[in-house]
Amino acid sequence: MAKRVTILDVAAEAGVSRQTVTRAMNDMGDINEATRRKVLEAAERLGYRPSRHARSLVTRQKTHAVGLFVASFRNPYYTDIAGDMLEGAAARGWQLIMASGDSDLEALALLSTQVDVVIGHFSRSDEELLKTSRGVPVIRLEEPSALPGVHSVEIDLRSGLREAIRELRERGSRKFGMVESAYSLRHNGVYGPSPRRGWFEEEVGDQLTCVVPGEESISGGGRAFADLMSLAPDTDTVLVFNDLMALGAVHSAHVLDIDVPGDVKIVGIDGLALGEAVDPPLSTIALDRQGLTSNTLDIVEILAKADFARIDPVNRVVPSKMLWRQSA
C-alpha cells in the first residue's frame with residue numbers, strides 16, 4: 001500500500017529543496033514565479049496535499065480540521081451524532097466540517113480537500129475510500145476496517161440484540177418478524193440484507209416469521225410494518241431496523257388496531273430520546289453514542305501524532321444495551 005505523498009517527494013519531482021516547496025505551497029516570499037509554478041505543478045501531478053500539521057508550523061496555528069459525513073440529517077440518530085461530534089471537537093479546539101448526501105464517495109472527495117481526517121458512516125470498501133480520499137485518513141463508524149489509512153469505531157450491536165431476544169422470550173415472544181432497511185438499494189438497485197438482519201435471524205432461528213425491507217423514515221417504517229403484519233399476522237414481536245422506522249411501526253399499529261405490546265411487541269435500535277414521545281414509549285437497543293464519539297476523537301488524536309500519515313488500522317468497539325420502555 002503506497003504511503004502518503006510527502007513534501008520530499010514533491011521536492012524530488014520538481015528538482016528543488018524541501019524549503020523551496022514549503023515557500024511555494026505557503027505562498028511565501030524569496031521564490032520566483034517560475035519556480036513556484038514548477039513546484040505547484042509537481043504537487044498536482046503527484047496528488048500531494050500539504051499536511052495541515054506542517055502548515056501549522058508555518059502559520060503558528062495548531063488546530064485540526066475534522067470532516068464528518070452524515071448520511072441524512074433527517075434521521076435524528078445522525079443529527080445526534082453530529083451534535084456529539086461538534087461538541088467533542090469544540091472541546092478539543094478543533095474545527096468540524098460536515099457534509100451530507102446520497103453519495104458517500106462524493107462527500108468524501110469534497111471533505112478530503114479541506115480537512116485532516118474524515119469520519120462517517122461509509123458503505124464502500126476500504127479500497128474505494130482510500131482511492132477517493134487521496135491520502136487523507138478515514139474513520140468508519142459502525143463498520144470494521146482492515147487497510148492502513150482506514151480506521152474504525154464499531155458498535156457491538158450483536159450483544160445488545162442477544163440480550164433483547166433472550167428477555168423477549170422470557171416475556172412470552174415466540175414469533176419474531178423484522179422491519180429491515182432497504183438502504184442498500186441506493187447503489188445497484190438490488191436489495192442486500194444488512195448485518196443487523198443476519199444477526200437477528202441467527203438469534204431467533206426457526207421462530208422467524210417474516211422480514212420486510214422499508215425506507216428509513218417514519219412513513220417507511222409504518223408501511224413495512226403493515227406489510228409484515230399482512231404477510232405474517234401471527235407475528236407477536238417485531239424488531240425494527242432503527243428507532244425512526246420504529247416510530248412509524250407504532251403509529252401503524254394504532255391505525256391497524258393492533259395493541260402494543262399486548263398483541264405485538266415493537267423494539268427499535270438506536271436509543272433515541274424521541275422514542276419516549278410515542279404511546280407506548282419505544283423499547284430500543286441503545287447504542288453508546290458518547291462512547292462512539294469519544295473513541296472516534298481519540299483516534300483522531302492518535303492520527304495527529306502521526307501527522308495524519310497512513311498508519312495501520314486503529315479499531316475500537318463500544319457496547320450496546322437494551323433500553324426497556326413500554327412497547328415491549
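For the residue pair THR79 and GLN19, what label-to-label distance in nm results when each label sits 7 Å from Cα along the Cα-to-beta-carbon direction?
It is 5.4 nm.
Which angle between 0 and 90 degrees, to the nearest 10, do you get for helix 289-305 versus the longest principal axis of the chain when only C-alpha atoms count?
Orientation of helix 289-305: about 20 degrees from the principal axis.
Out of residues 5 or more away from ASP156 or on other chains, whose amide H comes under 5 Å of its own, with H placed 1.01 Å from N in the peptide plane?
VAL318, SER320
Out of GLY220, GLY177, GLY262, any idea which swings most in a Gaussian network model of the chain, alpha carbons joined below 10 Å?
Per the Cα network of the chain with a 10 Å cutoff, GLY262 tops the list.
Taking only Cα atoms, what is the 0 to 90° angle, nearest 10, from helix 243-255's long axis to the longest principal axis of the chain?
That helix lies at roughly 30 degrees to the long axis.
If you bin every alpha carbon distance in the stretch 67-139 into 10 Å steps from zero, what whole percent lands in each bin?
Histogram of Cα-Cα distances, whole percents per bin: 21, 54, 25, 1.
Subtracting the Cα-Cα distance from 0.36 nm times the residue separation, let me have the gained length for LEU86 to ASP227 in nm, one decimal.
So the extension gain works out to 46.9 nm.
For the stretch 186-238, what is the Kirkwood hydrodynamic radius in Å, using each pair of distinct C-alpha atoms?
Working: mean 1/r = 0.0813 Å⁻¹.
About 12.3 Å for the stretch 186-238.
Kindly express, to the nearest 10 degrees and within the range 0 to 90, the angle between helix 157-170's C-alpha long axis and the longest C-alpha principal axis of the chain.
The angle comes out near 10 degrees.
What is the fewest-to-most order of SER145, SER100 by other Cβ atoms lying within 10 Å of their Cβ? Can you show the working numbers first?
On the way: SER145 21, SER100 17.
With the fewest neighbours first, SER145, SER100 line up as SER100, SER145.
In µm²/s, what is D for the chain at 10 °C and 1.306 mPa s, where D = kT/(6 pi eta Rh) by Stokes-Einstein and Rh is the Kirkwood radius from Cα pairs? Let's see the in-between values first.
Working: Rh = 21.8 Å.
In µm²/s, the coefficient rounds to 73.
What is the dipole size for the chain, taken about its Cα centre, with +1 at each Lys and Arg Cβ and -1 at each Asp and Glu Cβ, in debye to the nearest 20? Please report the intermediate quantities before stating the final value.
On the way: 37 positive and 46 negative charges, 310 e Å.
Magnitude of the dipole: close to 1480 debye.
About the Cα centre of the stretch 157-287, how large is the charge dipole given +1 on each Lys and Arg Cβ and -1 on each Asp and Glu Cβ? Please answer in debye to the nearest 20. Numbers along the way, then the final one.
Working: 12 positive and 20 negative charges, 67 e Å.
In total the dipole reaches around 320 debye.
What FRET efficiency do you get for THR113 and ARG45 if R0 is 25 Å and r is their Cβ-Cβ distance, rounded to the nearest 0.05? Don't skip to the end; give the middle numbers.
Working: r = 17 Å, r/R0 = 0.67.
Efficiency computed from Cβ-Cβ geometry: 0.90.
Net charge within 9 Å of LEU282 by Cβ-Cβ distance, Lys/Arg positive one each and Asp/Glu negative one each, not counting LEU282 itself? Don't jump to the answer; show the numbers that get you there.
Numbers: positive: ARG325; negative: ASP243, GLU276.
Net charge around LEU282: -1.
At ALA34 and SER219, where each label point lies 7 Å from the Cα along Cα→Cβ, what is the point-to-point distance in nanometres?
Calculated label separation equals 6.5 nm.
Only Cα pairs within less than 10 Å get springs; with that Gaussian network setup on the chain, which residue of VAL179, VAL21, VAL264 has the largest fluctuation?
Among VAL179, VAL21, VAL264, the largest mean-square fluctuation in the Gaussian network model of the chain belongs to VAL21.
Enter the mean projected area of the convex hull around the alpha-carbon atoms of the stretch 7-48, in nm², rounded to one decimal. Show your work: numbers first, answer last.
Working: hull surface 9.5 nm².
Average of the hull's projected areas for the stretch 7-48 equals 2.4 nm².
Set the Förster radius R0 to 25 Å, insert the Cβ-Cβ distance between HIS254 and ARG325 as r into 1/(1 + (r/R0)^6), and round the FRET efficiency to 0.05.
Rounded to the nearest 0.05, the efficiency is 0.95.
Which of ALA273, ALA224, SER252 sits closest to the plus end of the dipole of the chain, meaning its Cα is farthest towards the positive end, when Lys and Arg get +1 and Asp and Glu get -1 on the C-beta?
ALA273
Cα atoms only: what Rg and Dmax, in Å, come out for the stretch 157-287?
Answer for the stretch 157-287, Rg first and Dmax second: 13.3, 41 Å.
In terms of modelled amide H atoms, which long-range or inter-chain residues lie less than 5 Å from the amide H of HIS64?
Long-range HN contacts for HIS64: GLN95.
Using a Gaussian network model on the chain with a 10 Å cutoff between Cα atoms, which of LYS175, LYS265, LYS305 fluctuates the most?
Top of the fluctuation ranking is LYS305.
Quick note: the coordinates plus some simple rules give every number you see, no bench work behind them. Just so we're clear, the structure is a prediction, and the values are computed from it rather than from any experiment. Quick reminder, even Gly has a Cβ in these numbers, built from the backbone with ideal geometry, and neighbours come from all protein chains shown.
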